[in-house]
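The values are calculated or read from the model by the stated rules, or taken from the named source; none is laboratory data. Since the model is a prediction, treat every value here as computed from it, not as a measurement. When we count neighbours, we look across all protein chains shown, and the Cβ atoms used for this are built from the backbone with ideal geometry, even at glycine. Each accessible area value is taken on the protein alone, full model and side chains, heavy atoms only, with ligands, DNA and RNA left out. Shrake-Rupley method; radii C 1.70, N 1.55, O 1.52, S 1.80 Å.
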Amino acid sequence: MGARPVRAFPASSPTTWHNSHDLIRAACVFLCLFAVYLLTYRGGFHSIDEVSMFAVTENLVKFGRVNTDQIAWTQWTTSQREAQGFFGRDGHVYSKKGPVLSLAMAPLYWLGWVVPGLGMLQTASLINCIVTATTGGLLFLLLRRLGNESRVALVTALIGGLATISWVYSKYLFSEPLAGLFLLGATYAVVAYRDSGRGRWTCLAGFVLGLAVATRANNLFVVPWFAFYLLAVAGYAARTKTPPTPWHLVAGRLLLWFVVGLLLPTLLMLGYNWLRSGHPLQTGYDLTIFSPDILSGLYKLLFSPLRGLFIYSPVLLLCIPGIIGWSRSRRAETLLLCSVVGVTLLLFAAWTSGEGLSWGSRFLVPVVPILCLALAPVVDRAWRGQTVVAVALILFALASLVVQVLG
């Protein structure tokens, strides 16, 4: 499929690391996507979820506090399980959301506060334009590291940024785009470990995954799959080293680095929970609102006219043949991709709280960049002159682009 053969811990070579041309192209992807996102940037609120996270940023910057007392009235306008906050141990109202997006917005909010005429909300609302454009650039770099040609990586990254629901959600202050950037970053880190065998990549993977969990707590369920991927790569490396190294020594060393990386974001989240509720594991969410009707939930997430992922991003249907083609040469990466997407799908298929009308399920926004990795084999086949594949790719991509423009 036009990709380099998979090797664990290859000797250092020009193909292992990104050259300056790759970095320049990634920067161009970022600038292109950011420019488009600015055209559709809205600078305002869409839902109470956004208000809740923005209120944390506002209090943090202005007063050094993280409560959301200014929107305490919302506690009485919805049911308790649907409310965006909860009363903490000190009587103040706190957001249920993770703290990372609010922290990421803080510099932009401060800039809008101190510079006359910018506006705090308008400036802070740029955060997901920046995040989603950065995700596009990182997607390009990851595809290059996986051995794809520059043109294939470039087209795939632009499809991911412009022909999926990622574009629409760059307008809003939801936390899902930032979680998607962190999940893609963790994927990049574990693949880089596969290439180099350097422990710092596993440490970085743990750190970025910890940030993903502190952004959206449901990402805790995907962390073990990244660890399993690292263990599989370590097992292969232990067998092929000269002389062979005991697997448990390699695995123990990389898991230690992985846990070290997880430590700081985990302490941040535990401390934030303790500050809000007096208990390090209490986030304020009602964990009883799950349903055993998984099939109905999967239909709603994937095919429902209200918020089905494949209805609002038809081009992602091509991930299915892409995954099949990818699995022949990259079994470990295919398993990681399917595991992360599958766990997220099953979790939110059982989540009965719902999300109302949605431009494609916003709950699935974090896994869209990872799904886009599986578009690369399709783009590669289309570029190599397979007419049927090229026509299908063009039609699906155009249909998806039209849907995003409507959004």
Of the criteria (1) of a type outside the set (Ser, Thr, Tyr); (2) over 28 Å from Thr266 (Cα atoms); (3) part of a strand (DSSP E or B), which one Phe86 fails: (2)
Pair list, Cβ under 9 Å, 6 or more apart: segment 202-230 residue farther than 22 Å from Ser95 by Cα, other residue open to solvent by 20 Å² or more (accessible area, probe 1.4 Å) and basic (Lys, Arg): Thr202/Arg253
Segment 27-49, residues that are loosely packed, with under 14 Cβ neighbours inside 10 Å, of a type in the set (A, V, I, L, M) and more than 20 Å from the chain's Cα centre (by Cα): Ala35, Leu38, Leu39
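Checking the condition at pLDDT 95 or above and surrounded by 16 or more Cβ atoms within 10 Å (Cβ to Cβ), which residue from Ala227, Ala217, Ala189, Ala232 passes?
Being at pLDDT 95 or above and surrounded by 16 or more Cβ atoms within 10 Å (Cβ to Cβ) holds for just one of Ala227, Ala217, Ala189, Ala232, which is Ala189.
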Residue within segment 91-109 that is hydrophobic (A, V, I, L, M, F, W, C), without any contact (Cβ under 8 Å) to a residue 40 or more places away in the chain and part of a strand (DSSP E or B) present: yes
Leu183 being in contact with a His (Cβ under 9 Å, 6 or more places away or on another chain) and modelled with pLDDT of 95 or more: no
Considering residues of segment 68-88 that are of a type in the set (S, T, N, Q) and modelled with pLDDT of 70 or more only, the residue most open to solvent (accessible area, probe 1.4 Å): Gln70
Evaluation of Val405 against (1) open to solvent by 20 Å² or more (accessible area, probe 1.4 Å); (2) closer than 25 Å to Leu143 by Cα (one fails), failing number: (2)
Of all residues making up segment 359-391, the number that are farther than 19 Å from Val131 by Cα, open to solvent by 30 Å² or more (accessible area, probe 1.4 Å) and touching a helix residue (DSSP H, G or I) at 6+ places or on another chain (Cβ under 7 Å): 2
Filter result (touching a residue at least 12 places away in the same chain (Cβ under 8 Å) and surrounded by fewer than 16 Cβ atoms within 10 Å (Cβ to Cβ)) within segment 339-349: Leu346
Hits in segment 163-173 (condition: in a helix (DSSP H, G or I) and hydrophobic (A, V, I, L, M, F, W, C)): Trp167, Val168
Any hit, segment 380-389, residues being farther than 26 Å from Tyr169 by Cα and of a type in the set (Ser, Thr, Tyr): yes
Enumeration of residues in segment 117-162 that are open to solvent by less than 40 Å² (accessible area, probe 1.4 Å), outside any helix (DSSP H, G or I) and over 19 Å from Ser175 (Cα atoms): Gly119, Leu146, Gly147, Asn148
Single residue of segment 163-185 satisfying the filter (open to solvent by 20 Å² or more (accessible area, probe 1.4 Å) and of a type in the set (Phe, Trp, Tyr)) that is farthest from the chain's Cα centre (by Cα): Tyr172
Residue among Arg65, Arg25 that is of a type outside the set (A, V, I, L, M, F, W, C), at pLDDT 90 or above and within 30 Å of Val190 (Cβ to Cβ): Arg25
Candidate set from segment 324-338 (those that are of a type in the set (A, V, I, L, M, F, W, C) and crowded, with 20+ Cβ neighbours inside 10 Å); member that is nearest to the chain's Cα centre (by Cα): Leu337
